[in-house]
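Undergrad: Below: one structure in structure tokens.
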Amino acid sequence: MSYDIIIKNGKIIDGAGNPWYSADIGIKDGIINTIRPKLESTAASQIDCRNLIVCPGFIDMHTHTDFLLAIYTKMDSAIRQGITTSVVGMCGESLAPIPPEKLEEFKKLFSSLTPMGGDLKITWDTYRKYLEEMDKLRIPGNIVPVVGFAPIRIAGGPGYENRAPSPQELEKMKSYVKEAMEAGAFGLSTGLIYAPQVFANTEEIIELAKVAANYNGLYFSHIRGEGRNLINAVKEVIEIVEKSGCIGGQIAHHKVSGKAYWGASKETIQLIEEANARGISITCDQYPYNRGQSGLMTSLPPWAREGGKEKILERLKNPEERERIKTDILKPSEDWENWIETSGFDHIYITFFKDKEWKDVEGRSISEITRIKGKADDFETYFEILINENADVNITIESMDEEDIRRIMTSRYQMIGTDATASPHLPDFKIFHPRTFGTYPRLLGKYVREEKLLTMEDAIRRMTSFPAQRVGLRDRGLIREGNWADIVIFNPDTVKDKTDFMQPHQFPEGIIHVIINGILVVENEKQRKKYPGKVLRRPN
Ligand SMILES: [Zn+2]
């Protein structure tokens, strides 16, 4: 037998949670063909992996990579950290369906979501056509597509109106979910803090999740609150999964946000445990950082976000409306995720300014900016930034406590996801959270090697076979003969992330080789111009 690649002398960690063993791997036609203690056959290329760990490629359970893929396909920030498969369409935001008559509305939604400028050429309408367009892209990594609730509410429902759908609208939205599931979506996602999704009640989502359930789709959710409303929000996911009959629910980037609520992960994990004990399958994903990332616009009360961006800007420019916004932000409420009230202006950092006048305060908190720029108060700074940057302002929010992070990380229902958009290396364009470049190496370096919070085998399982099992990929996520050859080879003694919040664009160290569908994509920490990635469809 002659192989395409033989991986020799590595310490294999198979992804199932088992300790390492010693073997060679023969790869042929994209597949892990043979695993033997010593392979004496020939191969077009051999990779000597003495002292290195050989494990399945990382399956990133939560990404927004679809929003960049249409304009930037190299996926370097993901590939270089060992991610071989990315789940996309998260937080209710996917790039389809887009019926032609709603195209303008979609462009507005996307302009605030696409970090590179929203200049998307939309050549599709249905979800199926969208996947077919994605198939034409030359991409290095695999994609697991999920359909988002936001385009569905715009396509067939009440859109940005703060009301329940009519029976006709509900039927229309259900037909869009059906179309996406039949085209191969792996499930339905929601992001219940974002407009227009914030306007939907639980019933509306249950009805749509029922359609995903008919196709064994998973329900993914950025839940309705991660701070004051966290417990109710976790209960809502459980209710949606239970009443819709979905095979399971995935809580996105699980966290406890806001100092007053720190410690609440005890209760959320308890709720997840109890749901599973009752036969309702609930899992979560997590990135290992104490800051989240979002858009500053989402810190406005929901009423101020009605009607889309133009209406929002009108309100921001009106002194009376501004006063009303300020009053609502200062008032604790369970009805919406009020970051300013829970974390404070001193913990909300602006990552990037389009306006050159403000470049000097990039990466600073709103309170710091108030001081540096000599503004009257933080609200003045806040409104000025929103108006000046046309309401599209990227922020990170320092809202989490290390103890909650560690408690969630070690809970048995946790797996890893970056919540990132696979991005280019642009040191001057600091728009991306360090998780974009560093999540997996940080886990392996900080939490496995240095702090010994997780064993290596367990951490790798949470990065590979667990997410594969969760989305239903039966032929990835494990080093097994017959599986696709998605493989990461790394140095356990040196692997680490090199990013922080002021320098978020740095490739990690120690991720030596990455193989995707049998093709060597990263060789000696350099990405090659190889594009073996596939857009996967949900297997029946
Ligand atoms: Zn999210």
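The values are calculated or read from the model by the stated rules, or taken from the named source; none is laboratory data. All of these numbers come straight from a predicted model, not from anything done at the bench. Ideal geometry is used to build each Cβ from the backbone, glycine not excepted, and the neighbour counts take in all protein chains shown. Surface areas here come from the heavy atoms of the whole protein model, side chains and all, with no ligands, DNA or RNA. Shrake-Rupley method; radii C 1.70, N 1.55, O 1.52, S 1.80 Å.
Undergrad: Hey, any idea what % of the stretch 123-178's accessible area is carbon plus sulfur with a 1.4 Å probe?
TA: Taking all protein chains in place, the stretch 123-178 shows 52 percent carbon and sulfur surface.
Undergrad: Compute the accessible area per residue over the chain, keeping the other protein chains in place, probe 1.4 Å, unit Å².
TA: Accessible area per residue, the chain: 37 Å².
Undergrad: Under 18 Å from a label point 7 Å along Cα→Cβ of Met502: give me every residue in the stretch 425-451 with its amide N that close.
TA: 427-435
Undergrad: So, in Å, what gap is there between the alpha-carbon centers of the stretch 416-448 and the stretch 73-106?
TA: Cα centroid of the stretch 416-448 versus Cα centroid of the stretch 73-106: 17 Å apart.
Undergrad: Hey, another quick one. With each run of n ≥ 4 DSSP H residues scored as -39500 (n - 2.57), what mean residue ellipticity at 222 nm is computed for the chain after dividing by its residue count and rounding to the nearest 500 deg cm²/dmol?
TA: Mean residue ellipticity, 222 nm, calculated: -9000 deg cm²/dmol.
Undergrad: May I ask which of Lys74/Lys529; Lys178/Lys210; Lys309/Lys356; Lys74/Lys354; Lys496/Lys526; Lys8/Lys496 have a Cα-Cα span longer than 18 Å here?
TA: Checking Cα-Cα distances, Lys309/Lys356; Lys74/Lys354; Lys8/Lys496 exceed 18 Å.
Undergrad: Could you please state how large a percent of the accessible area of the stretch 198-326 is carbon and sulfur, counting protein chains only and using a 1.4 Å probe?
TA: Using a 1.4 Å probe with all protein chains present, the stretch 198-326 comes out at 46 percent carbon and sulfur.
Undergrad: Now, a different point. Given a 1.4 Å probe and every protein chain left where it sits, what share in percent of the accessible area of the stretch 60-104 is carbon and sulfur?
TA: 53 percent
Undergrad: Further question on the same structure: Full-extension gain between Glu203 and Lys259, please, as 0.36 nm times their residue separation minus the C-alpha to C-alpha distance.
TA: Value of the extension gain: 17.1 nm.
Undergrad: Beta carbons within 10 angstrom, averaged per residue: use that to sort the peptides 516-525, 51-60, 373-382, highest first.
TA: 51-60, 516-525, 373-382
Undergrad: Still on this structure: Between Tyr21 and Gln527, what's the calculated FRET efficiency when r is the beta-carbon distance and R0 is 22 Å? Round to 0.05.
TA: 0.15
Undergrad: A further question follows. If I model a spin label at Glu320 and Ile387 as a point 7 Å from the Cα along the Cα→Cβ vector, what separation in nanometres do I get?
TA: About 1.7 nm, to one decimal.
Undergrad: I'd like the Karplus ³J(HN,Hα) series for the stretch 47-60: coefficients 6.51, -1.76, 1.60, θ = phi - 60°, whole numbers in Hz, and an x wherever there's a Gly or Pro.
TA: 10, 8, 10, 3, 6, 10, 9, 10, 9, x, x, 6, 9, 7
Undergrad: Right, another one. What does a probe at Asn9 reach in the stretch 478-507, counting residues whose amide N is under 20 Å from the point 7 Å along Cα→Cβ?
TA: Taking a point 7 Å out along Cα→Cβ of Asn9, the residues of the stretch 478-507 whose backbone N falls under 20 Å are 488-495.
Undergrad: How much solvent-accessible surface does Phe466 expose, in Å² to the nearest 10, with a 1.4 Å probe and all protein chains in place?
TA: About 20 Å², ignoring ligands and nucleic acids.
Undergrad: Still on this structure: If each of Thr455 and Glu357 carries a label point 7 Å out from its Cα toward its Cβ, how far apart are those two points in nm?
TA: 5.9 nm
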